[in-house]
Each structure stands twice: as structure tokens, then as C-alpha cells.
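One structure is given here, and the rest of the page talks about it.
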Amino acid sequence: MISNLAFVHPEAKIGKNVVVEPFAYIAGNVTIDEGTWIGPNATIFDGARIGKNCRIFPSAVISGIPQDLKFRGEESTAELGDNTTVRECGTVNRGTAAVGRTIVGNNCLLMAYSHVGHDCAIQNNVIIGNSTALAGEVDVDDWAILSAGTMVHQFSHIGAHVMIGGGGKVRTDVPPFIKADRDPLSYLGLNTVGLTRRGFEKERIDEIHEIYRAIYQKGMNISQALDFVEKEFKASTDRDYILGFIRKSERGIIRAR
């Protein structure tokens, strides 16, 4: 159902059972898949690609032009996966020539006043808290939770299953599976509660914990610690993800408190 009080450009591609509430604005170069709800006063600009069963709340803005002085009007997109919710006044900017698209995955929740900057890649099942802001070209892996008021520096990478405390300032990369808080943002241990809720067995959690003890608590520098982990722990999906994440980090990783 599309309200006759909404503006929907005739070239916009609207799927089945999409609801567009009064005073919403939908531009022409837009695709909205079936079952999605567009709330009153929501704004969907050119380049938006919105998946199935999404919910876009009042005053949210999807695919606004990037807040980047290098942007020259190039064609780009902002893509939301299925079952993703953007709450009141949330903003997702579209990409620039650097990457060409901003991605928010499936089953994500972007809370009120949150901001996802240009060319970010947010994976699946991510929660971005109220008033949290991500600068351009930030990567966030599956199941990460960024609590309210978190500020993320451009080009940062946040690993899967991370829990960042409210008001955190992310200046360097945050490795997977951990809790991070304080200022400067620091390693506070494993996100044991989150991992348990997602079905990680105790033995698996214990092994990840031992890997991080080696990295953060044995007095080695990062290179020595990674070599130690690679030698002393059997190859596994978790071990190899942690090693690969840290070795690929260009900004360096957060330190222990």
C-alpha cells in the first residue's frame, strides 16, 4: 500500500506488499523489495537498494550523498539486506568512487540517530546503537554490537562477535570475539556471554580465550604472539580468523587495558 500523501517517483521499483506511509519520499533510482515498510517522513534517495521485509522508521535517510569532499556526484549505491531495520533519524550514506557502494547486511538493527558513512561494509546480524557514528570505509563483521554513542574512525575494522561499550572511541581495529571499552578503547576480555548465546560450545570459547591470553597477557609483542599462536594452537576457523584479522590490520589493534 502506498499512501497518496507520499511521493514515489514513477521510475522507482517497488516490490509486492511494500507499505509507504504518508509524507515519505522515494526517488527514481531506487529498488525496494517485497514486504518492506517505509515509515512516514522517511527519505529514500537515488542509489538505494533495500531488501525484503526491512523497516525504515520516520525521518531516516537512506542513500544520502556522502559527507566526503572528494565526492563528485559519481553514481553509487547504498544497499540494505533483508530484515534490516533503520530506526528514527538513522542515516546510511551511499558510496563514493573509492568503493562505489555502502553495504548493510541482513538482519541488522541501526538504532535511532545512528550514522553509517560512505563505503562502509556492515555484515549480517550487526547492532549499531543509538547515536553511534561510523566514518567512511569502516568494516564491521557479523554479529558485532556497537553500543550507544560509539564513534568509529574511518578505515577501521571491527571483528565478528565484538561487544563495544557505550561511548567507545574506535581509533584502531578491534579483533573478533572480544569485549572492548574504556578510553583509550582497550581489550577487556572475551565476549563470553555473546558467544554462549550464539551457540559456541565451552571448549571452543576456552580455546579462543587461550589464544587471546597469548596475544595480550604473555608479554610478547604482536608479531611474537601471532607466531606463538600459530605454532601452539591447532589450525581452526577461529584461530585462522583471528590470525588473519590481526595480520591484515593496517591501523593496528587495540591494546589491553
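What follows draws every value from the coordinates through simple rules; no lab data is involved. From a predicted model like this one, the values you see are computed outputs, not experimental measurements. Every residue, glycine as well, gets a Cβ built from its backbone with ideal geometry; the counts of neighbours run over all protein chains shown.
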Original post:
So how much slack lies between Arg255 and Ala235, counting 0.36 nm per residue of separation and subtracting their Cα-Cα distance, in nm?
Top reply: 4.8 nm
Original post:
Simple spin-label model, 7 Å along Cα-to-Cβ: Phe228 to Lys248 in nm?
Top reply: 2.5
Subject >> DSSP beta bridge pairing in the range 122-257, given as percent antiparallel to the nearest 5 >> reply: 20
Original post:
Between their Cα atoms, which of Lys179/Lys202; Lys179/Lys234; Lys169/Lys202; Lys202/Lys248; Lys179/Lys218 are more than 21 Å away from each other?
Top reply: Lys179/Lys234; Lys169/Lys202; Lys202/Lys248
**OP:** Taking a cut-off of 17 Å between Cα atoms, list the aspartates and glutamates near Lys13, but don't count ones fewer than 8 places away on the same chain.
**Re:** Glu21, Asp33, Glu34, Asp46, Glu79, Asp82
Subject >> Amide H partners (placed H, <5 Å) of Leu190, local residues excluded >> reply: Lys179
**OP:** Please find the FRET efficiency linking Glu210 to Gln154, where r is the Cβ-Cβ separation and R0 is fixed at 35 Å, and quote it to the nearest 0.05.
**Re:** 0.60
**OP:** Report, to the nearest 10°, how far helix 202-217 tilts away from the longest principal axis of the Cα atoms in the chain, using its own Cα long axis and a range of 0 to 90°.
**Re:** 70
**OP:** Any aspartates and glutamates with Cα under 20 Å of the Lys231 Cα? List them, leaving off those in the same chain fewer than 8 positions away.
**Re:** Glu203, Asp206, Glu207, Glu210, Asp240
Original post:
What is the Cα centroid distance between the range 143-157 and the range 194-257, reported in whole angstrom?
Top reply: 20
**OP:** Note the angle between two axes, namely the Cα long axis of helix 237-248 and the longest principal axis of the Cα atoms of the chain, as a number of degrees from 0 to 90, rounded to the nearest 10.
**Re:** 80
Original post:
Dividing the Cα convex hull volume of the range 195-256 by residue count, how many Å³ per residue is that?
Top reply: 99
Subject >> Inter-site label distance for Asn29 and Arg198 at 7 Å from Cα along Cβ, in nm >> reply: 3.5
**OP:** Per residue of the range 64-76, in order, report the coupling 6.51 cos²θ - 1.76 cosθ + 1.60 (Karplus, θ = phi - 60°) as ³J(HN,Hα) in whole Hz, putting x for Gly and Pro.
**Re:** x, 5, x, 8, 9, 5, 7, 5, 10, x, 4, 6, 7
Original post:
What do the square roots of 5 times the Cα gyration tensor eigenvalues come to for the range 7-137, in whole Å, largest first, as semi-axes of the equivalent ellipsoid?
Top reply: 20, 17, 13
Subject >> Karplus (6.51, -1.76, 1.60) ³J(HN,Hα), θ = phi - 60°, over the range 181-194, in Hz, Gly and Pro reported as x >> reply: 7, 6, 9, x, 4, 9, 5, 10, x, 7, 7, 4, 4, x
Subject >> Nitroxide proxy distance, nm - points 7 Å out along Cα→Cβ at Thr172 and Gln217 >> reply: 2.0
Subject >> Efficiency of FRET from Cβ geometry, Ala112 and Lys13, R₀ 22 Å, rounded to 0.05 >> reply: 0.20
Original post:
Computed FRET efficiency, Cβ-Cβ of Leu188 and Ser3, R0 41 Å: what is it to the nearest 0.05?
Top reply: 0.30
